[in-house]
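Okay, so here's the structure we're looking at.
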Amino acid sequence: MDFLIGPSGLILLGAILSAIGALWASQSQSSFERESKEKSEQLVMKSEEIATLNKEIVKIVTGGDSFCLFDFTGTIHNPLVLRHDGKYPIYELKISIRNLGDYRQISGRSIQILTAQTNTFMAGTINPQYWGLMPTMELDKRLVAQGFRIEYESRGGSWYQEFRFFFIKDKIEYATKVIRNIQDKNEIIYEKKSDNFPLNKRGEIDWYQDE
């Protein structure tokens with residue numbers, strides 16, 4: 001053990017202390033890196049939570065992707081009833097209902113200039129699960145076929161609904177669809193028809209004369 005005494009011993013002791021110091025520094029660095037990574041991950045999670053919360057707030061304020069539409073009541077008198085579809089309230093809703101008469105005589109390209117027989121009214125705020133507004137109107141069975149173009153404007157945007165009625169004997173067949181502009185493209189977000197609504201040779205609905 002004499003080699004531990006004197007310069008040799010001091011050199012060995014220094015080497016041991018250096019190794020211990022290096023090990024401690026390595027562990028401290030690893031601990032620091034681990035804590036930094038955890039904090040970074042927490043910051044990312046918080047940022048994502050805040051972003052998600054902000055998006056939710058925007059949807060609550062604007063109505064998000066919620067919309068409303070008219071359903072057929074099954075009667076000639078007051079045939080339409082308004083209902084909400086979606087998770088968020090719809091604010092400052094304005095509705096315009098255009099009576100197209102016999103839609104088979106109307107071109108889809110001329111719909112924007114048809115202002116006759118248009119009923120416009122403010123519906124205000126429509127909350128989720130709402131069902132009830134029935135505008136005063138009546139179907140005209142003398143026409144055999146009758147169409148309506150319903151336009152909706154709200155704080156969150158606009159959309160429109162096509163409604164078609166066909167009178168076959170004592171029954172009223174109907175078809176409807178709701179169209180909304182999503183990312184500069186008109187998309188059908190709702191569509192429904194009765195079982196016996198007449199279709200063209202392609203098995204499709206003629207919404208206008210030129211379709």
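At a Cα cut-off below 30 Å, give the lysines reachable from Lys169, other chains included and same-chain residues fewer than 8 away excluded.
Candidates past the 8-residue exclusion: Lys141, Lys177, Lys192, Lys193, Lys201.
FRET efficiency for Val58 and Asn99, Cβ-Cβ distance as r, R0 = 25 Å, nearest 0.05?
0.10
Between Thr118 and Lys201, what length in nm is gained on full extension when 0.36 nm per residue of separation is reduced by their alpha carbon distance?
26.7 nm is the gain from fully extending Thr118 to Lys201.
Would you list, by chain and number, the lysines whose Cα falls below 17 Å from the Cα of Lys55, excluding same-chain residues fewer than 8 positions away?
Output for Lys55: Lys46, Lys87.
Which distance in nm do the two modelled labels at Asn186 and Glu92 give, with both placed 7 Å along the Cα-to-Cβ direction?
Result: 2.5 nm between the two label points.
About its Cα centre, what dipole magnitude does the stretch 55-211 give when the only charges are +1 on Lys and Arg Cβ and -1 on Asp and Glu Cβ, stated in debye to the nearest 20?
Values: 22 positive and 21 negative charges, 9 e Å.
Taking the Cα centre of the stretch 55-211 as origin, the dipole is about 40 debye.
State the percentage of accessible surface on the stretch 61-110 attributable to carbon and sulfur atoms; use a 1.4 Å probe and exclude ligands, DNA and RNA.
47 percent
Hey, got a sec? Which trypsin sites (Lys or Arg not before Pro) in the stretch 126-156 land in a DSSP loop and have at most 16 other Cβ atoms within 10 Å? Mind showing how you got there, number by number?
On the way: sites: Lys141, Arg142, Arg149, Arg155; in loops: Arg155.
In loop regions of the stretch 126-156 (DSSP not H, G, I, E or B), the sparsely surrounded trypsin sites (Lys or Arg not before Pro) are Arg155.
The values are calculated or read from the model by the stated rules, or taken from the named source; none is laboratory data. No experiment lies behind these values; they were computed from the predicted model shown. Don't worry about glycine lacking a Cβ; one is built from the backbone with ideal geometry, like all the others, and counts go over all protein chains shown. Areas reflect the complete protein model, heavy atoms only, side chains present, ligands, DNA and RNA absent. Shrake-Rupley method; radii C 1.70, N 1.55, O 1.52, S 1.80 Å.
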